[in-house]
Structure formats: C-alpha cells, structure tokens
Amino acid sequence: MEGEGVQSLDENLENGSRPRFKWKKTLRLVVSGIKGAGLLMCFIYVCLQLSSSPAKKPPIQRLKVPVTGCENGRLFISLYNNEHQIMEVQNNSVFINCDGLYAVSLKGFFFQEVKIDLHYRNGKSPISMPMLNNGRRVVFTVVVSLAFKDKVYLTVNAPDTPCEHLQINDGELIVVQLTPGYCAPEGSYHSTVNQVSL
C-alpha cells in the first residue's frame, strides 16, 4: 500500500545522505589542505633558520681607563685607544648602550682628603664611595643595573682644595658588563638624547 508521493525508506535515506557526504568530503579536503600548507610553512621557516648565519652578538661592553685628576667637579678620565675601551666616553662620562648588570670599580690615591660619588642614572641618588686612609685612598667596586641612555660619572669634593688642583696617583676606572641585554645601534645614544632634548 504504497501511497502516491511517498518514497520508500531506502530512497529517502539515499537522497538525504548524499549531499551530507559530499559536504563532509569537501570539508575534509579543505582541512587537509590547511594542515599541509601549515606544515609546509613550518618546514620553510625551519630551513631558513638553519641556513641563515647566526646573529652577531655585540661585544661585551667594557672600559678600563686611567683617572688622572679633576675637571669641572668630575674625576677626569684619560682616553686612549686600547683593547679594553669599547664604550664611548665624553665629558668625563661613560655612555651606556647596552642593558644589563655592570661592575663599576674605582681605585686611586689622592694627596688630599676627598669625597667621591658615583652617578649612574638620572633621578637616582648617587652612591657615596667609602674612603680609606683618612679620605685619601679609594678601592671601591659595585654592581649596578644599567640601561641604554644611562651615564656613569664620578663627582669629587675636597673640603680645602679646588677640583682642578686635586692630585691623584694610580687612579683607574673599570666598567664591565656582566650580563648581556638589549644593545642600541652604535651612535644612537647621542641622536636619541638630542631628539628628546629638543
């Protein structure tokens, strides 16, 4: 007693499952294509990383210079080119181009009693260096965190002697980067400072 317009169960299932089967097959092909493209991109990335030359790391920042006197209230740093001088020095200040921890060391003997302060960052209080031999000898090392745009310099104060008349023997300043960090491109310190000050 099959009525008119009524399809058998087999025909009904066959007609309904065909469009769903085609849709699932198309979806599987699209997903497989995306996975394959992702896998190809990963393979290309790994190949490029392996074939490219390793990034050149900037040299460890270091400076070792004699300190010979006083100029405008700061200890005078004598400059000469040697293998220990990688950092830039101007106006008796050491310019920092790389972030990281630094060891700052000063030694020397003064013929007068002095007080020395280490300045290393704008807005931070300077570090007062302990003096030996009644304020005439300094042997001091400290580790400080420095960053791009910082300046390291030493101010000196003598109660009875003008700065320009201070005499120092065996004075030496050493600044060495202990931990690597971000390094600005060479010469960018002054260009950035000039842009900010305008």
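The values are calculated or read from the model by the stated rules, or taken from the named source; none is laboratory data. The structure displayed is predicted, hence computed values, not measured ones. So basically every Cβ, Gly included, is an ideal-geometry build from the backbone, and we count neighbours across all protein chains shown. The accessibility values were calculated without ligands, DNA or RNA, using every heavy atom of the protein model including side chains. Shrake-Rupley method; radii C 1.70, N 1.55, O 1.52, S 1.80 Å.
Okay, here's what the table says:
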read-out	value
Residues located in the range 151-178, provided they are within 19 Å of residue 79 (Cβ to Cβ) and among the acidic types (Asp, Glu)	164, 170, 172
Positions within the range 75-95 being in contact with a helix residue (DSSP H, G or I) (Cβ under 8 Å, 6 or more places away or on another chain) and modelled with pLDDT of 90 or more, in sequence order	95
Counted residues, the range 92-116 - those being farther than 17 Å from residue 147 by Cβ and part of a loop (DSSP other than H, G, I, E, B)	5
Leading residue by the ranking (most open to solvent (accessible area, probe 1.4 Å)) among those in the range 110-124 that are under 23 Å from the mean Cα position of the chain (by Cα) and modelled with pLDDT under 95	122
Residue match in the range 136-143 (condition: on the phi > 0 side of the Ramachandran plot and within 26 Å of the chain's Cα centre (by Cα))	no
Hits in the range 134-190 - residues which are of a type in the set (Asp, Glu) and open to solvent by 30 Å² or more (accessible area, probe 1.4 Å)	160, 164, 170, 172, 186
Unique match (being loosely packed, with under 15 Cβ neighbours inside 10 Å, modelled with pLDDT under 95, closer than 15 Å to residue 62 by Cα and hydrophobic (A, V, I, L, M, F, W, C)) among 198, 101	101
Set 64, 35: member being modelled with pLDDT of 70 or more and open to solvent by 100 Å² or more (accessible area, probe 1.4 Å)	35
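Quick grid of which residues meet (1) polar (S, T, N, Q); (2) in contact with a strand residue (DSSP E or B) (Cβ under 9 Å, 6 or more places away or on another chain); (3) not in a strand (DSSP E or B):
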{"site": "118", "(1), (2), (3)": "no, yes, no"}
{"site": "122", "(1), (2), (3)": "yes, yes, yes"}
{"site": "130", "(1), (2), (3)": "no, yes, yes"}
{"site": "139", "(1), (2), (3)": "no, yes, no"}
{"site": "152", "(1), (2), (3)": "no, yes, no"}
{"site": "155", "(1), (2), (3)": "yes, yes, no"}
{"site": "174", "(1), (2), (3)": "no, yes, no"}
